[in-house]
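The next block holds one structure in the form of structure tokens; read it before the comments.
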Amino acid sequence: MLVQVRLTPRSAKDGWGGTWTDEKGALWLRAQVRAVPEQGKANAALIQLMAKAVGLPHRCIQLEAGDASRLKRLRITGDAAAIAAHLKKGLDQ
């Protein structure tokens, strides 16, 4: 399953901030992490945040695109229906 995330590093807290729609109409999840965007620290924090949100180990999540960009694409390996349910539950809180 591919998940699109708009990441804000150097935030006051780690967490989710709803959704964001780009100029093409694509929907992105909004995430904030306290980590700085240096040497992959913010990307690693995003993967940990996503792993916690979907209830999977971090090794099941890979950064597919957006290594040096705010717009990231994550590949999550696992049951797509369960992942979607976990994400929805996490965003509703």
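The values are calculated or read from the model by the stated rules, or taken from the named source; none is laboratory data. What you are looking at is a predicted structure, and each value in this text was computed from that prediction instead of being measured. Here Cβ is always computed from backbone atoms with ideal geometry, including for glycine, and neighbour counts include all displayed protein chains.
If I filter the stretch 45-62 for residues that are at pLDDT 95 or above, among the aliphatic types (A, V, I, L, M) and part of a strand (DSSP E or B), do I get at least one hit?
Looking for residues that are at pLDDT 95 or above, among the aliphatic types (A, V, I, L, M) and part of a strand (DSSP E or B), one finds at least one in the stretch 45-62, hence yes.
Just give me the residues in the stretch 27-47 being of a type in the set (A, V, I, L, M, F, W, C) and under 15 Å from residue 74 (Cα atoms), in sequence order.
Quick first cut of the stretch 27-47, residues of a type in the set (A, V, I, L, M, F, W, C) only: 27-29, 31, 33, 35-36, 42, 44-47.
Answer for the stretch 27-47, where residues must be of a type in the set (A, V, I, L, M, F, W, C) and under 15 Å from residue 74 (Cα atoms): 27, 28, 29, 31, 42, 44, 45, 46, 47.
Just give me the residues in the stretch 47-62 being more than 18 Å from residue 15 (Cα to Cα) and surrounded by 15 or more Cβ atoms within 10 Å (Cβ to Cβ), in sequence order. Before the answer, list the steps.
Pass one, the stretch 47-62, residues more than 18 Å from residue 15 (Cα to Cα): 59-60, 62.
Matches in the stretch 47-62: 60 only.
For residue 39, indicate whether it is of a type outside the set (Lys, Arg), more than 11 Å from the chain's Cα centre (by Cα) and farther than 14 Å from residue 2 by Cβ.
Numbers: of a type outside the set (Lys, Arg): yes; more than 11 Å from the chain's Cα centre (by Cα): yes; farther than 14 Å from residue 2 by Cβ: yes.
Taking the combined requirement at face value, the residue satisfies it.
Taking the stretch 17-46 as the region of interest, how many residues are in contact with a helix residue (DSSP H, G or I) (Cβ under 8 Å, 6 or more places away or on another chain), surrounded by 18 or more Cβ atoms within 10 Å (Cβ to Cβ) and closer than 20 Å to residue 84 by Cα?
Total satisfying the criteria: 2.
Within the stretch 1-16, restricting attention to residues that are in a strand (DSSP E or B) and not polar (S, T, N, Q), which residue is surrounded by the most Cβ atoms within 10 Å (Cβ to Cβ)?
Step one: filter the stretch 1-16 for residues in a strand (DSSP E or B), giving 2-8, 15-16.
After this cut, where a residue has to be not polar (S, T, N, Q) as well, the list is 2-3, 5-7, 15-16.
Details: 2: 10, 3: 19, 5: 20, 6: 19, 7: 23, 15: 15, 16: 18.
Residue satisfying both the conditions and the ranking: 7.
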